[in-house]
Each structure stands twice: as structure tokens, then as C-alpha cells.
Amino acid sequence: MELIPADRFSFRQLTEAYNQTRVDYLVPMPMNEARLREYVYAYDVALAASCVAMRHKTTLGLGMLGLRPQRGWVTRLGVLPSGRRQGIGQTILEALLDAAARHQCREVWLEVIKGNEPAYQLFSKFGFTETRELIVARRAPGTEARRMVDMGVRRVTNLNHEEALILLAQRRERPNWLNEIETMSNLRNLSALLVEMNNGGRGWVTYHAGLLQLTRIVVEVVAGDPAEVTATVLNVLHRLYKRQDAIVENIFEDALWSGYQAAGYFDAFHRIEMMLTL
């Protein structure tokens, strides 16, 4: 088996390899070439530090490494079904951790889908420990929100991309790699709504509005009841974008989550965030 740096492959080849590793995955999440390009750019994936495992010109698996100052992020680690239980995943992970050390990372982060026991056991074997459980949630277009509160909205202010980044930089909770300020700064065309309620509640939501889907949704409550304000902010958002599906990734199961549920979001699956100190 040979490990080859991922930057020696085209995005088409990497996309094909990734999809082959996910054919029987717990949550498949298929990619196309355009989405993989966006993924690599948004999450600071270093293809030269990532790798593809091959034997006799046959792809066996791959793994990618995101790099930010003193931090690494293991992602898209997968092995084709025919190559599993042969130590390939372990070999790829070792190579990614070696690359992180060479780039002077002090910490390496990752997420594993809850219920993926083989991957969880592999990461635990290398010393990764759980930090928190994260929710991936969705909302279908046309979903009726629960009438949790009267929509006593006093003012809604529309904000542009730069203003959305200013809000995101002020979050109180530590964000996950997928929605860190570095990720959001790599994106284009973010929008935000600042919502003020009659009862003094205030909050905001940032998002990216595509033709069919709302993504990059982040809610922060500035004042008032967290669940009530979250539900109100999201109801305002979805009244503006009635036809779009919505997805929110890697949020916490806290008081805000009740507000998401009241606004029509449902729990799609969970990820376990893990961290290794180098």
C-alpha cells in the first residue's frame, strides 16, 4: 500500500474516491466535484497534507486534514468496503497526525457520527477524547412552526456579509470547526437578521440563502429567554424564505435547541466532537 498526497489527484478523482468510501456509510452524504472544491476552500483543507491510500493503482481510502494556526482537523477519512479491517484507516490517520505535527499543530479535532462505532473506537485508540455532542438538524419548506410565542417583533434589521461576520466573531460559545469565524470568513454572500422583540428580547441569525436551501445558519441570543428568542428569530427568517429547505450543522443541545424545535426543526443525526492534544 502507498499513501499519496491528495494534491496529486484531480477534484474529480478525489470526489469519486470519497463517494466510493461512503456507499454503505451510516449517513452517506455524497459529494460532487463542485461541492468538494467548496468544502476544501471553506474548511481550509490542505490537500498536500491529506492523502489517498492506493495499492496497484486501486484506491483503497483517503483522509483529509484541515489546517489553521496551531490546530488541525481530520475529515473525510474513509476506506472502501473491500479494504476494511486491514489497518488502512489506521495508517491514513497516522499519516494525517504526522502531517499535523509537522505543521506545528498543538491540537487535532474531528467529528464522528454518533453510532459509527468502528470509527469511534479507532479515534479513541489514538487518544482522541470526547468534547461534546453536536446536532445536525433540518427543516422542510412549508413547515408550520409551533406557536411557542406570540410573534411580538418590534424591529427587524437586515445586515450584509461584513456585518454578519462581525456578529459571528462575537459569539459567546466556542464554535465548531464547521462554523468557526475562519470558515465563515472563507464564504461569500452571508446575510444576517437582527431581531428585536416587544418584550425586550433580542437576537440574530446569520445564514446563506441558496435557491433551494438555507445553510450556514447560526443563532445567537443577546437578551431574553433563549428558547423564545431563538424561535422568534427563526420564524422571522422562515417567513422571508418560505420555499427553502434549511439545514443547521453542529449546534448544541441547550436552551436554544428548544427554540429550533419550536420553529420546525427536527433532529437528523448527531456527531461526537473529539480532540487530541499533540
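Of note:
- Contour minus Cα-Cα distance for Ile113 and His56 (0.36 nm per residue): 17.4 nm
- As a ratio to 2.2 N^0.38 Å, the alpha-carbon radius of gyration computed for the range 65-211 takes the value 1.38.
- Ellipticity estimate at 222 nm from DSSP helix runs (n ≥ 4, -39,500 (n - 2.57)) divided over the chain, nearest 500: -8500 deg cm²/dmol
- Inverse mean reciprocal Cα-Cα distance (Kirkwood Rh) of the range 1-77, Å: 12.7
- When each of Glu111, Glu163, Glu173 is scored by the number of other beta-carbon atoms lying within 10 Å, the sequence from fewest to most is Glu173, Glu163, Glu111.
- Fraction of beta bridges assigned by DSSP in the range 137-271 that are antiparallel (%, nearest 5): 90
- Fraction of beta bridges assigned by DSSP in the chain that are antiparallel (%, nearest 5): 90
- Whole-Hz couplings from phi, Karplus 6.51/-1.76/1.60, listed for the range 265-278; x for Gly and Pro: 7, 10, 6, 7, 6, 10, 10, 9, 7, 9, 9, 10, 8, 8
- Translational diffusion coefficient (Stokes-Einstein; Kirkwood radius from C-alpha pairs) of the range 160-278 at 10 °C, 1.306 mPa s, in µm²/s: 107
- Size descriptor, Kirkwood hydrodynamic radius, that averages inverse alpha-carbon separations across the chain, Å: 19.9
- In plain terms, the chain from Leu278 to Ser124 could stretch by 54.0 nm, reckoned as 0.36 nm per residue minus the Cα-Cα distance.
- Segment Asn158-Arg37, length gained on full extension (0.36 nm per residue, minus Cα span): 40.6 nm
- Rounded to the nearest 20 debye, dipole of the range 155-222 from Cβ charges on Lys, Arg, Asp, Glu: 100
- Lysines whose Cα lies under 17 Å from that of Lys125, excluding same-chain neighbours fewer than 8 positions away: Lys114
- Surrounding net charge for Ala6, when Lys and Arg each add one and Asp and Glu each subtract one, Cβ distance under 15 Å: -2
- Of all complete DSSP H helices in the chain, those with a Cα span along the helix axis of 20 Å or greater and a mean Kyte-Doolittle hydropathy of 0.5 or more are 88-102, 226-240.
Each value in this text was obtained by applying a stated rule to the coordinates, not by laboratory testing. Computed from a predicted model, the values in this text were never measured in an experiment. Using ideal geometry, Cβ is built from the backbone for each residue, glycine included, and neighbour counts are taken over all protein chains shown.
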